[in-house]
Every structure is written in structure tokens, then in C-alpha cells.
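I have placed the structure first, in the form of C-alpha cells, so that the comments after it can refer back to it.
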Amino acid sequence: MMRVAQVFSLLFLLDGSFGEYQPTWESLDSRPLPDWYDRAKIGVFLHWGVFSVPSFGSEWFWMYWQDHSSSYVDFMNKNFRPDFTYQDFAPMFTAEFYNPEDWARLFNASGARYIVLTSKHHEGFTNWPSSYSWNWNSKDVGPKRDLLGDLANAIKEKAPHIHFGLYHSLYEWFNPLYLKDKAASFHTNNFVVGKTLMELYELVNNYEPEILWSDGDWEAPDWYWNSTAFLSWLFNDSPVKDTVVVNDRWGKGIPCHHGSYYTCADRYNPGILQNHKWENAMTIDKSSWGYRREAKVSDYLTIHELLTTLAQTISCGGNLLVNVGPTHDGRIPPIMEERLRQMGFWLDVNGDSVYDSVPWKHQNDSMTAGVWYTSKGDVVYSMVLTWPEKNELTLGSVVTTNTTVIYMLGHASRPAPLPFHPLGSSGVVVTFPPMSEVTGQWVWVLAMTGVTPI
């Protein structure tokens, strides 16, 4: 059996040397974050796979069913024959309505600057014709097409400004090779050498993703996954070495400590400024990453809830990755499409406060709740989650000067500066225009110049 150290030596011999970035976290963490990622701010996440066929409970359907979770067992007993296996779902993963060009146009309309597609979830099914997943991939069974490649090509053709990224699960729940390594306390890594690491090389070389969103790492340490050796190759010699970014899920204890950006935990939203670039990967469906047929309207975020999360995230230096779950036949559910288009409409009006922005001195206002700040150059933006009573907003974190000018984004075709009343060193009261003169909805943005922080 090949052990971790042997694989590490083999990779070293094949490469000759590791180049600028050595296979240590100290060296890998010294690589600057490619500029495009922080500027992009908004991404769309897609959880799509065989789990989209039962579309019940969550994308962890197979695991919960095998763990005898009562709701999943009852669902199977009521709807499928007694000898039905999870693999029997795969031919039903048909994707007959999948139109990647339409998806690309939707992502463009959403205002997203990058997307992350599930290449393989914990079930092990690959959405590309992987050489390392025989008869358990989208070309051999189910859709009979390269789902991943088709979307990559559509993005390049229809929305070339959107960066293409891939989610990949390191582990697979029921892969015999993985379970054997696990039983050996991960002192062997036949699964890594023969399966999951080879998939990563295949994905990078064939599709050139600019984001690698790793997951499924938490049961084993990073040395089992050969994470640092792979990332050293990715940053030094891969076809995307200059532009690729990676998250922080590369082994037990690694999240929130190492990576181009941190995700820390699902739906991570700390509410305060962080020292390292981070991302809030969150879901429109409050309970699931994959599509659920049993979901109710109340299970989905409203557009105001989504934009609230956006404002909180961007103000604190994070990126927002908004997840949708396509159906087994290749559609993005209408309510999820609506949320993406609403977000895009809002960004069309207020995007100056988001794209290319940086955190301000204060992230949220000290006097009025629901006001979040960003900045760009000499402009300070305040994202206001609730239209103020009597059209007057008090800001306790802003001091005006004799050069202060305040506008509202989306106010009339020829906006006039808004009137305001300084409160000395205690802030400022801004008078909002009539709502009928404002194009924007849900969350309103003030653009202020000539102001200083308290």
C-alpha cells in the first residue's frame, strides 16, 4: 500500500521542484490573493447531482437514508420498491431541460461575477466524464453529457466576465477505498492517490476553473489528502496558477486557518471586519443546498433577507456566494431564479456600493440599526435596510464637513443632492427623497463624499 510520504516523494520527483510556493502552509499562505476575487464580491453556487432526483430533505439524502433517519426511510418506503438502491436514482437524473446558455444569461442578470458548480458531491457522482469514476458520472449514466464542460463553455461564450469555479468533495461517503483508508486511521491513502486527487488534476487541466471550492475534508488531516502538495502544483505549474483562488477546506483543522479565502463554516457571517478575506456561502433555501420538492414558500429567503445578508457580508469584507439547487431535469426553480434576478436588479442600481468596494472605518452605524457601510475612493456608501420614518435617517458614525455631498443611488434620472442636517460630532440627519422618485427597492444606498468617520 502506498503511504502519504511515498506519494509526497513521488510528486516531488515528477515535478523536480515545487517552484515559488512550497508544499507548506506558511509558503502557500504567502501567495497574494488574485485581485479579481475581492473585486467580484458576488457569486452563484450550484448544488446539483443525483440527490436532485429524490429532491427530498437535503443533498445529504443518501447518508440520512442509510443512517435510518425516519423521514427519509418513510419517504423511500412510500414511494419506491423495497430493493431500490441509491444508484437506481442515477438514470432518472436526466437534465432534459438543461440549457447552459440560459443559465449563463441568468447568472449575468443576477449580477454575479463568479459561479461555482458542483463537480462532485459526497455521493461521488461526477458531473463530468471523469476517468476515475467509471459508470458513476454524467456521461455514462443519466444526462449522458458533460454537464460541467457545457456550462464552462456557455460561460465563456455568453458571459466571459464571469469567472468559472468548481466545488469538489474530497471524500465520498461510501467509496470502499475511502472506507478502507478510514479504517486504517488514514495511514494509507489509496483513495486519495487513485481517485480524489486524480479528479482534481483532471478538473484543473481540462476545465481550468478559477475557483476550487473544496469540501468533505473534515474527517482526515491535510496530510492524508496531500493538500499542500496539490496546492503547490496548483499555484506554481497549473494552467490557472496566476488567477486561481481556493477556499479553506483542505483537511481537519484547516478551515478558518489556511486558504486564499476562508469559509470557516456554512453560512459564515461574522458581522464584524475580518483580518483575512472570507466568503459567506449561503442558501436561498434556508434548510438545504440541494433542491427540495417539499419546500414551502416560507422556507426561502425573501429578497429583503437576501439583500440584508449581502449588505452585512460586503460591509465586513466578505464575498457573498448565493446557492441555488437545480432540479433533476436541469431547471433552476422559478423562486430561485426570481431571487437571482431581483438581486441583479438591485445591483444594477446600487452596484457601485458593492463591486470593487472596500470596508470603511465603521461596518455598521452606531446609532441606527440596519445601516451598513462600504467605501470606494473618496465615496462612503451606506446601505439602509429600512426606509426611515418621516423620511429622515440619523447616522451616528458619519461626520459632515463643509464639502459634504450626499446622493441616493437610483434617485431620479438627474439626481439632486439630498438635504442633511449636521449633528456636529454626533452624526448627521439625512432627508430622503419621495419614494416615488427612487428606482431602487428593498434596500437603499446613500453615496457620501466629504465625510469623515466618528
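Derivation of every value follows stated rules applied to the coordinates shown; laboratory data play no part. Owing to the predicted nature of the structure, the values given are computational and were not obtained by experimental measurement. Here the Cβ is made from the backbone with ideal geometry for all residues, glycine too, and neighbour counts use every protein chain on show.
Derived scalar couplings between HN and Hα for segment 380-391 equal 10, 10, 10, 8, 9, 7, 9, 4, x, 4, 6, 6 Hz in order, rounded to whole Hz, by the Karplus curve 6.51 cos²θ - 1.76 cosθ + 1.60 (θ = phi - 60°), x for Gly and Pro.
Taking all C-alpha pairs of segment 228-380, those more than 20 Å from each other amount to 59 percent. Relative to the globular-protein estimate of 2.2 N^0.38 Å, the Cα radius of gyration of segment 12-105 stands at 1.75.
Modelled label positions at residue 141 and residue 402, each set 7 Å beyond Cα in the direction of Cβ, lie 7.7 nm from each other.
For segment 81-217, the tally of Lys pairs with Cα-Cα distances below 29 Å comes to 17, considering only residues 8 or more apart or on different chains.
Sorting 204-216, 368-380, 119-131, 63-75 by average packing, meaning the other beta carbons within 10 Å per residue, from highest down gives 119-131, 204-216, 368-380, 63-75.
Which of the trypsin sites (Lys or Arg not before Pro) across segment 324-374 are loop residues per DSSP, with 14 or fewer other Cβ within 10 Å?
Answer by residue number: 361.
Isolated cysteines in the chain, defined as those with no second cysteine Cβ under 4.7 Å, comprise 316. Entry for segment 131-201 at q = 0.19, 0.25, 0.26 Å⁻¹: log10 I(q)/I(0) = -0.87, -1.13, -1.17, Debye formula applied to identical alpha-carbon scatterers, no solvent contribution. Each part reduced to its alpha carbon centroid, segment 78-157 and segment 174-248 end up 20 Å apart.
Using the Cβ-Cβ distance between residue 179 and residue 267 with R0 set to 25 Å, the FRET efficiency from 1/(1 + (r/R0)^6) comes to roughly 0.30.
Taken over the C-alpha atoms, segment 373-454 has Rg and Dmax values of 11.9, 33 angstrom.
When both bridge partners sit in segment 121-253, DSSP labels roughly 0% of those beta bridges antiparallel. Loop-located trypsin sites (Lys or Arg not before Pro) across segment 182-268 with a Cβ neighbour count of 13 or fewer within 10 Å are 267, with loop assigned by DSSP. Counted by Cβ distance under 11 Å from residue 102, the other residues give a net charge of +1, where Lys and Arg count +1 and Asp and Glu count -1.
Can you tell me which of 282-289, 295-302, 312-319, 167-174 comes out highest on packing, and rank the rest after it, using the mean Cβ neighbours within 10 Å?
Put in order of decreasing packing, that is 312-319, 167-174, 282-289, 295-302.
What percentage of all Cα-Cα pairs in segment 179-273 are separated by more than 20 Å? Above the 20 Å cut-off, segment 179-273 has 39 percent of its Cα pairs. Note on the chain: Cα-only Rg and Dmax are 23.9, 77 Å.
Here the Karplus relation 6.51 cos²θ - 1.76 cosθ + 1.60, evaluated at θ = phi - 60°, turns the backbone of segment 182-190 into coupling constants of 4, 5, 8, 6, 6, 7, 10, 9, 4 Hz, with x for every Gly and Pro. Can you work out the FRET efficiency for the pair residue 243 and residue 429, with r the C-beta to C-beta distance and R0 = 51 Å, to the nearest 0.05? Using R0 = 51 Å, I get an efficiency of 0.65.
Segment 368-399 and segment 260-326 have Cα centres spaced 22 Å apart.
Annotation for segment 311-392: GluC sites (Glu not before Pro) lying in DSSP loop with at most 15 further Cβ atoms inside 10 Å of their Cβ do not exist. Phi angles of segment 211-225 translate, via the Karplus equation with coefficients 6.51, -1.76, 1.60 and θ = phi - 60°, into HN-Hα couplings of 10, 10, 9, 7, 7, x, 9, 6, 7, 10, x, 4, 5, 5, 7 Hz per residue; Gly and Pro are given as x.
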